[in-house]
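Only one structure is covered here, and it is reproduced in the block below.
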Amino acid sequence: MGFVLGPPGADISVIAFTDFGCSACAQFSVGTFPALAAEFIEPGTVRWEVVPVALGFRHSKKALTAALCADRQGAFWPMHELLYARQNVWQKPRNPRAAFQGLALDVGIDTVAFAACCESGRFDRRIKQLTKRGRQHGIRGTPAFLVGERWIYGAQPLRVFRAVLSQPNTAPAKRD
């Protein structure tokens, strides 16, 4: 149901619950995640699943809609990256439509189809499902990471993830 990086048979599975409107999520995504991905996901040690939720931050539901609409054109991960990197751009305006269009243009997708998708409401149900999945796991704040059977809360530095992900006895995460 989420968005996955890394091989399905990886030794360790991580489920990351994030909200595009969350500043701590942006801090993690921009600051920690690139190094974590290079060290653990790209070599195939970790399967990383992002479950984006909309917990009520300013424009977070619209940002999640933008990510899902970008995904229709095969661009979830580039949009994911830009939504966090440029969070200050789309959160400030009363109506972030133009900011999201700019991100879509930068990602290189069809902006007309993207705009129509964002306005259609087609992902309202999926957003509710994703958010419900987070709430079923007890998520009240983001980011939250389920690493095997262990939870990590907040935008922790790479050293914290390195310590947990390097443990040979990290149990695989339960699948939903």
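The values are calculated or read from the model by the stated rules, or taken from the named source; none is laboratory data. Keep in mind the model is a prediction, meaning the values are calculated, not measured. All Cβ positions, even for glycine, are placed from backbone atoms using ideal geometry, and neighbour counts span all protein chains on display. SASA here: full protein model, heavy atoms, side chains in, ligands and nucleic acids out. Shrake-Rupley method; radii C 1.70, N 1.55, O 1.52, S 1.80 Å.
Taken together, the residues in the range 146-162 that are within 24 Å of residue 68 (Cβ to Cβ) and either in a helix (DSSP H, G or I) or open to solvent by 60 Å² or more (accessible area, probe 1.4 Å) (or both) amount to 0.
Does at least one position in the range 129-144 carry a residue that is among the charged types (D, E, K, R), at pLDDT 95 or above, out of contact with any Pro (no Cβ under 8 Å at 6 or more places or on another chain) and farther than 22 Å from residue 162 by Cα? So far as the range 129-144 goes, no, none of its residues is among the charged types (D, E, K, R), at pLDDT 95 or above, out of contact with any Pro (no Cβ under 8 Å at 6 or more places or on another chain) and farther than 22 Å from residue 162 by Cα.
Restricting attention to the range 1-32 and to residues that are open to solvent by 10 Å² or more (accessible area, probe 1.4 Å), among the hydrophobic types (A, V, I, L, M, F, W, C) and in a loop (DSSP other than H, G, I, E, B), the residue that is farthest from residue 51 (Cα to Cα) turns out to be 10. Scanning the range 86-108 for residues that are part of a loop (DSSP other than H, G, I, E, B) and under 15 Å from residue 65 (Cα atoms) returns 95, 96.
Of the residues 68, 83, the single one that is open to solvent by less than 10 Å² (accessible area, probe 1.4 Å), closer than 18 Å to residue 23 by Cα, part of a helix (DSSP H, G or I) and modelled with pLDDT of 95 or more is 83. The set of residues in the range 33-59 that are part of a loop (DSSP other than H, G, I, E, B) and farther than 12 Å from residue 14 by Cα comprises 42, 43, 44, 53, 54, 55, 56, 57, 58, 59. Scanning the range 119-145 for residues that are among the hydroxyl-bearing types (Ser, Thr, Tyr) and assigned to a helix (DSSP H, G or I) yields a count of 2. Scanning the range 33-65 for residues that are polar (S, T, N, Q) and crowded, with 20+ Cβ neighbours inside 10 Å turns up 60, 65. For beta carbons closer than 8 Å, sequence separation of 6+ or different chains, a first residue in the range 104-123 that is at positive phi and a second that is surrounded by 13 or more Cβ atoms within 10 Å (Cβ to Cβ) and not basic (Lys, Arg), the qualifying pairs are 108/75; 108/78.
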